[in-house]
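K.L.:
Here's a structure for you.
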Amino acid sequence: MLTTRPTLRAARLVAGALLLAAFAPGARAQSAHDAMDGFDAYVARSVKDWNVPGLAIAVVKDDSVVFAKGYGVRKLGTHDSVDTHTLFANASTTKAFTSLVVQLAADDGKLRLDAPVVTYMPSLSLSDPVKTREITVADLLSHRTGLPEADFIWYEDTSSFPEIIRRLGYVAFNAPVRSHFEYQNITYALAGSIAAQREGTSWEKLVHDRILGPLGMRETYTETPDERTHRDLAYAHDYVNDTLSVIPRYDTDNIGPAGAMYSSVSDMAIWMRFLLDSARLGGKRLVSERGYAEMFTPHILVDEKEFYPTAKLTHPRFQAYGQGWFLEDYRGEYVEFHTGSIDGMVAIVGLIPERHLGVVIFANRDHAELRHSLMYTVFDRYIGGSKHDWNREMLAMYTKLRDDGKKEERQIDSAHVQGTSPSLPLARYAGVYSDSLYGTATVKMEGKKLVVSFGPLSVADLEHWHYDAFMAHWRDAYRGRQLMSFRLAEDGSVAGLAVGDDVFFRRVSLKPGT
């Protein structure tokens, strides 16, 4: 297990060495014109190879946009082309904006990053009172609270943010504070919420007033846009029964500071130019030199299991997290980047500060990892001397990972026991099931079958599998299926509903609505 101070000190030492290496003699850097030669065709081929409906990309070099273009369509079955102004989900690339407004609040003297979170939110009550008092604002920004990922609390849930924080109190810590990196969207949203509260406004207005407005980013929104009022908006896509299809576009507004923004590559090019100029606006710093440096300083090392599969091909010597940014080395360069993923859409923003180089990629297909291949391809074109075809190499790797996932599905089918029946008539399984952390599950009869719902956005039809186990087929078919089991009490009544190996909903009512 990593310890706090040695972790940070080691990361900074490695980062410093890499910055020095960036100035060492190496391959000839490419001019902007030479670097982009043939790139348009390469991107077009990549979009086809990865079967992506639409993609937009922009490249910034030395304070200029040297490449920007859209490919494909916003929605399958239409001729609505993607352009450089098409809106896509930023998803978790939103976190960089949140880290900046937190730093701005610190510059204003409204908060201290080294102060415990309970200083500004005394009501915070997590599962361990001692660790609750130890967590600082800086810990929230670097995913080092010791709390594991808990996206099930907010994902496809209509709960308010205060309710989400209340339920977070039931999540057990799995590591000491500042000892381990584990991605946590809810605590990141908490950081943005605290900054807004200390500034006496909302996070949405804070981001607009302090960043989007001053930078002139008029195509960037802090909430999920409405399809009826935003014509140039990308639709989400994923595979449904091996067929690429349009899927519902869910918002993440309930944890907005962690991933609710939408933008275009035209606007994100403005953002990258601003960051590559040390966050200057009109020649003046928008954020203090200290605050800017903190965002891109390694604050916690990232274990390879928590990092991206791409590392198996790019072989970074260190992997860390700053504040809203993943940090790594690539071919002797210090790289700052972050991805964004939400159902049916992906994003990536990558910077090499010493080369004043940045790239942003948006696409409208679930986990379309050509975002990584194109980012490293842009880097290679300016570093020079690479013979890698990242599109080919990463497509092969991710195809294998997908095939491995299908093997796991087949293992579930092979364990299916034929010829069994439920212990009880189906209507006896209906009722309300509850868990303090996971919320409420409602099971009811619809015609001759059981239906389970975990709130209005998460509904599945239950098909008997074997014994008292049922296969849940999500009505949003791209989510696939999931095995669930009813557990019986000693008297033969239904005691609860098990979802997976670790989640158990206790039955609290015999009938929905009672």
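K.L.:
For the stretch 148-181 and the stretch 104-132, what is the separation of their Cα centres, given in Å?
P.N.:
Result: 16 Å between the Cα centres.
K.L.:
For the chain, what does the alpha-carbon gyration tensor say about shape, rounded, prolate or oblate, given a ≥ b ≥ c as the root eigenvalues, a/c under 1.5 as rounded, and a/b over b/c as prolate? Show your work: numbers first, answer last.
P.N.:
Details: a/c = 1.83, a/b = 1.42, b/c = 1.29.
Here the chain falls in the prolate category.
K.L.:
Using Cα atoms only, what is the angle between the long axis of helix 370-383 and the major principal axis of the chain, expressed in degrees (0 to 90) to the nearest 10?
P.N.:
Taking the Cα atoms of the chain, the angle to 370-383 is about 10 degrees.
K.L.:
With all protein chains present, how much of the accessible area of the stretch 216-303 (probe radius 1.4 Å) comes from carbon and sulfur, to the nearest whole percent?
P.N.:
Numbers: 1660 of 3760 Å².
Carbon with sulfur: 44 percent of the solvent-accessible area.
K.L.:
In addition: Ranked by accessible surface with a 1.4 Å probe, highest first, in what order do ILE270, ILE153 come? Could you put the intermediate results ahead of the total?
P.N.:
Numbers: ILE270 50, ILE153 0 Å².
These residues rank, largest area first, as ILE270, ILE153.
K.L.:
So, one more: According to the square roots a ≥ b ≥ c of the eigenvalues of the Cα gyration tensor, what is the shape class of the stretch 142-283, taking rounded for a/c under 1.5, prolate for a/b larger than b/c otherwise, and oblate for the remainder? List each step's numbers first, then the result.
P.N.:
Details: a/c = 1.72, a/b = 1.13, b/c = 1.53.
Because a/c hits 1.5 or more and a/b fails to exceed b/c, the stretch 142-283 counts as oblate.
K.L.:
Now for a different question. Give me the distance between the Cα centres of the stretch 405-451 and the stretch 282-335, rounded to whole Å.
P.N.:
The stretch 405-451 and the stretch 282-335 have Cα centres spaced 43 Å from each other.
K.L.:
Hey, another quick one. Please state the shape class of the stretch 333-418: rounded when a/c is under 1.5, otherwise prolate if a/b exceeds b/c and oblate if not, all from the C-alpha gyration tensor. Please list the in-between numbers first.
P.N.:
Numbers: a/c = 3.68, a/b = 2.22, b/c = 1.66.
Cα axes put the stretch 333-418 in the prolate bin.
K.L.:
Let me ask something additional. State which entries of LYS69/LYS284; LYS312/LYS407; LYS48/LYS387; LYS131/LYS205; LYS75/LYS305; LYS312/LYS406 exceed 25 angstrom in Cα-Cα distance in the structure shown. Can you show the working numbers first?
P.N.:
Numbers: LYS69/LYS284 30 Å; LYS312/LYS407 21 Å; LYS48/LYS387 21 Å; LYS131/LYS205 31 Å; LYS75/LYS305 34 Å; LYS312/LYS406 21 Å.
Over 25 Å apart, Cα to Cα: LYS69/LYS284; LYS131/LYS205; LYS75/LYS305.
K.L.:
Can you give me the angle between helix 265-276 and the longest principal axis of the chain, using Cα atoms only, in degrees from 0 to 90, rounded to the nearest 10?
P.N.:
Rounded to the nearest ten degrees, it is 60.
K.L.:
Another question, then. Using heavy-atom solvent-accessible surface (probe 1.4 Å) with all chains present, what is the largest-first order of TYR429, TYR478? Can you show the working numbers first?
P.N.:
Values: TYR429 0, TYR478 30 Å².
Descending accessible area places them as TYR478, TYR429.
K.L.:
From the protein chains alone at 1.4 Å, what is the descending order of accessible area for TYR239, TYR433, largest first?
P.N.:
On the way: TYR239 80, TYR433 0 Å².
Ranked from most to least accessible, the order is TYR239, TYR433.
K.L.:
Within the stretch 398-452, which trypsin sites (Lys or Arg not before Pro) sit in a loop by DSSP and count at most 10 neighbouring Cβ atoms inside 10 Å? Spell out each step's value before the answer.
P.N.:
Details: sites: LYS400, ARG402, LYS406, LYS407, ARG410, ARG428, LYS444, LYS448, LYS449; in loops: LYS448.
Passing both the DSSP loop test and the Cβ count: LYS448.
K.L.:
I've got another one for you. Just to confirm the number: angle between the C-alpha axis of helix 390-414 and the first principal axis of the chain, 0 to 90 degrees, nearest 10?
P.N.:
Helix 390-414 and the main axis of the chain meet at about 10 degrees.
K.L.:
Report the charge-dipole magnitude of the stretch 117-192 in Debye, nearest 20, computed about the Cα centre from +1 at each Lys and Arg Cβ and -1 at each Asp and Glu Cβ. Spell out each step's value before the answer.
P.N.:
On the way: 6 positive and 9 negative charges, 64 e Å.
It comes to approximately 300 debye.
K.L.:
In whole percent, what relative contact order does the chain give with Cα contacts below 8 Å and a gap of six or more residues? Mind dumping the intermediate values first?
P.N.:
Details: 1040 pairs, mean separation 91.8, N = 514.
Taking the mean separation of contacting Cα pairs over the length of the chain, I get 18 percent.
K.L.:
Kindly provide the pair-distance distribution of the stretch 374-509 built from C-alpha pairs, with 10 Å bins from 0 and whole-percent values in order of increasing distance.
P.N.:
10, 33, 24, 12, 11, 7, 3, 0
K.L.:
I've got another one for you. Given the -39500 (n - 2.57) contribution per DSSP H run of 4+ residues, what per-residue ellipticity at 222 nm results for the chain, rounded to the nearest 500 deg cm²/dmol? Let's see the in-between values first.
P.N.:
Numbers: 15 runs with 151 residues, N = 514.
About -8500 deg cm²/dmol.
K.L.:
State in Å² the accessible area per residue of the chain; use a 1.4 Å probe, count heavy atoms of protein chains only, and round to the nearest integer. Show your work: numbers first, answer last.
P.N.:
Values: 22290 Å² over 514 residues.
About 43 Å² of surface per residue is accessible.
K.L.:
So, taking all protein chains as they sit and a 1.4 Å probe, how much accessible area belongs to THR229, in Å² rounded to tens?
P.N.:
Surface accessible to solvent at THR229 totals approximately 100 Å².
The values are calculated or read from the model by the stated rules, or taken from the named source; none is laboratory data. Source: prediction; values computed, not measured. Cβ sites come from the backbone with ideal geometry, for glycine too, and all protein chains shown count toward neighbours. Heads up: the accessible areas ignore ligands, DNA and RNA and are worked out on the full protein's heavy atoms, side chains in. Shrake-Rupley method; radii C 1.70, N 1.55, O 1.52, S 1.80 Å.
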